[in-house]
Amino acid sequence: EVHLVESGGGLVQAGGSVRLSCAASGFSFDDYSIGWFRQAPGKEREGVSCINNKDGSTFTVDSVKGRFTISTDSAKRTASLQLNDLKPEDTAVYYCNAHYQGVFESWGRGTQVSLSS
């Protein structure tokens, strides 16, 4: 059974940083691409950043480029998202997911990142 468990979110001051983690199990980690997504209140879920575990290539959307960094640890079967210089518009539930040949696994609970004034 595939499990993707996000953690690390919380309340953070604008301009601050948090590191989110995704613990993965139940699939061939190194064969998948891992992505981080977020969903703000009243908005659709959007992709934020992804990494291809086969070749290490990454993609990050323009809105967070230079502030967010994705990484994986194959041995620990984890994916992380480092969020720096956080802004109010970054407030969202953050999810990780994995896909192989274009098919995503089921969505988990996500982890909430909230920005304080």
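To put it simply, the accessible area of the chain at a 1.4 Å probe is 47 percent carbon and sulfur.
Among the cysteines of the chain, those whose beta-carbon sits 4.7 Å or more from every other cysteine beta-carbon are 50. Residues of segment 1-30 with amide nitrogen under 17 Å from the 7 Å Cα-to-Cβ point of residue 82? Correct set: 8-9, 15-22.
Only Lys, Arg, Asp and Glu carry charge here, each on its Cβ (+1 for the first two, -1 for the last two); on that basis the chain has a dipole of about 240 debye about its Cα centre.
How high is the relative contact order of the chain, in percent, with contacts defined as C-alpha pairs under 8 Å that are six or more residues apart?
The value is 36 percent.
Residues in segment 67-76 carry Karplus couplings, in order, of 10, 10, 9, 9, 7, 9, 10, 4, 4, 8 Hz; the curve used is 6.51 cos²θ - 1.76 cosθ + 1.60 with θ = phi - 60°, and Gly or Pro positions show x. Other residues whose C-beta falls under 11 angstrom from the C-beta of residue 93 contribute a net charge of +3, scoring Lys and Arg +1 and Asp and Glu -1. A 1.4 Å probe run over the chain, with the rest of the protein chains in place, finds 54 Å² accessible per residue. Taken as Cα centroids, segment 58-88 and segment 12-48 sit 8 Å apart, rounded to the nearest whole angstrom.
Largest GNM mean-square fluctuation across 64, 103, 93, computed for the chain with C-alpha springs under 10 Å, falls on 103.
The values are calculated or read from the model by the stated rules, or taken from the named source; none is laboratory data. Keep in mind the model is a prediction, meaning the values are calculated, not measured. Counting neighbours? That spans all protein chains shown, and the Cβs are built from the backbone with ideal geometry, glycine included. Note: areas computed on protein heavy atoms with side chains; ligands, DNA, RNA excluded. Shrake-Rupley method; radii C 1.70, N 1.55, O 1.52, S 1.80 Å.
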